[in-house]
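Just below is one structure, and these are the notes that go with it.
The values are calculated or read from the model by the stated rules, or taken from the named source; none is laboratory data. Being a predicted model, the structure only gives us computed values, none of them experimental. Note that each Cβ is placed from the backbone with ideal geometry, even for glycine, and that neighbours are counted across all protein chains shown. Side chains included, ligands, DNA and RNA excluded: accessible areas come from the protein's heavy atoms. Shrake-Rupley method; radii C 1.70, N 1.55, O 1.52, S 1.80 Å.
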Amino acid sequence: MSTAILEEENALKTKASEPVKRVSIIISKGTLDGVYPGLIMANGARMEGIEATVFFTFFGMNAILKKKMDKLKVATVGNPAMGMPTLLGAIPGMSSFATHMMKKEMDRLDIPPVSEFIEMIEDAGGEIYGCKAAFEMFHLKEEDLCAQVKEIITVGDFYEKSAGAQIIFT
Amino acid sequence: MKEREVAGKVVAFDDENFMVNYKDWDLDVATALAEEEGLQSLNDRHFTVLEFLRRTYEEKGTGPTIRRLTKESGVPTKELYALFPGAPAKKAARIAGIPKPKGCI
């Protein structure tokens, strides 16, 4: 019995050292800071030769809507990590200001705007999908979506397309 | 760091197989490294990328981000991935004889 446990441990070790081959990243938030981590991870995956699928759902859909994708903002209210008192964060223009500052820093690091980033990921061979439930809930139309969206899919399709991938929810 | 012979020259590499001194690089070394990376031959477009990487490294002490590379070298993202299949940034840096790219983008 003890050997069985040892063998199991060895099997786990072999598995752990296996390189990541595919990732399936879900982006569910529509704030600037909610969208970028997923995009950076998807692009980073492609740069490493890892297959990447990005699935946008709920407010994350804003990142693939032509009219909204480059107008995402940082939340200054309900975001304790900002270190800004809620009442101060609620002052008109505060979110735009914080967004402006963050975009400046990102530009310095060569992080592209959302539309360009999505284009980069698609050009790099990543696949972009939108969520059917959110698409219907927000009364969206095909023409609202950026050109890189391959398809609007159901959660079932998503799992099918994620076969063999690590699923990352952001 | 370890030294080995590449295209008749003794060249030093770091633990991840990137060249330690980019000045040891020449066309023969590039061709030999490309072969190690699975590229049978290098064409003009490969060299556009390699020269851009080397120039940026020489000027700034670090290789360009993939975004700068595609925007300024005139080699678009799709082509870059086709030229250096797999992990383009790393592969190109290795063949260009510059250190491993450090950025996340």
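As a fraction of the 1.4 Å probe accessible area of chain A, surface on carbon and sulfur atoms comes out at 61 percent.
One Cα centroid belongs to the range A:49-102, the other to the range B:68-88; the line between them spans 29 Å. Between helix A:94-108 and chain A there is an angle of about 60 degrees, using the helix long axis and the longest principal axis of the Cα atoms.
Treating the protein assembly as shown as a set of equal point scatterers at the Cα positions, no solvent, please give the Debye-formula log₁₀ I(q)/I(0) at q = 0.11, 0.15, 0.17 Å⁻¹. Those come out to -0.76, -1.12, -1.26, one per q. For chain A, take the longest principal axis of its alpha carbons; what is the angle in degrees between that and the long axis of helix A:32-47, to the nearest 10 within 0 to 90? Orientation of helix A:32-47: about 40 degrees from the principal axis.
For chain B, the equivalent ellipsoid built from the Cα gyration tensor has semi-axes of 21, 15, 12 Å, listed from largest to smallest. Considering only B:VAL29, B:THR62, B:GLY8, the residue lying farthest towards the positive end of the dipole of the range B:2-96 is B:THR62, judged by Cα position with unit charges set on Cβ. Among A:MET82, A:MET102, A:MET120, the largest mean-square fluctuation in a Gaussian network model of chain A, built with springs joining Cα atoms closer than 10 Å, belongs to A:MET82.
On a full-extension model of 0.36 nm per residue, what is the gain between A:MET84 and A:TYR159, subtracting their alpha-carbon distance, rounded to one decimal in nm?
So the extension gain works out to 23.1 nm.
With springs only between Cα atoms under 10 Å, which of A:SER28, A:SER95, A:SER17 fluctuates most in a Gaussian network model of chain A? Per the Cα network of chain A with a 10 Å cutoff, A:SER17 tops the list. Taking the longest Cα principal axis of chain A as reference, the axis of helix A:114-123 is set at about 30 degrees.
Over the whole of A:44-52, what's the average partner chain Cβ count within 10 Å per residue? Rounded to a whole number, please. Don't skip to the end; give the middle numbers.
Values: counts 5, 0, 6, 13, 5, 8, 2, 0, 0.
Mean partner shielding for this stretch: 4.
Rounded to the nearest 500, what is chain A's calculated 222 nm mean residue ellipticity when only DSSP H runs of at least 4 contribute -39500 (n - 2.57) each, over all residues? Could you put the intermediate results ahead of the total?
On the way: 7 runs with 73 residues, N = 170.
Roughly -13000 deg cm²/dmol at 222 nm, from the helical runs in chain A.
Below 8 Å between Cα atoms, with a sequence gap of 6+, how large is the relative contact order for the range A:21-169 in percent?
32 percent
Taking the charge dipole of the protein assembly as shown about its Cα centre, with +1 at Lys and Arg Cβ atoms and -1 at Asp and Glu Cβ atoms, the residue from A:ALA52, A:LEU140, A:LEU87 reaching farthest to the positive side is A:LEU87.
In the context of the full set of protein chains, chain B has a per residue accessible area of 51 Å² (1.4 Å probe). For chain A, a Gaussian network of Cα nodes joined below 10 Å ranks A:PHE117, A:PHE59, A:PHE138 by mean-square fluctuation, and the top entry is A:PHE138.
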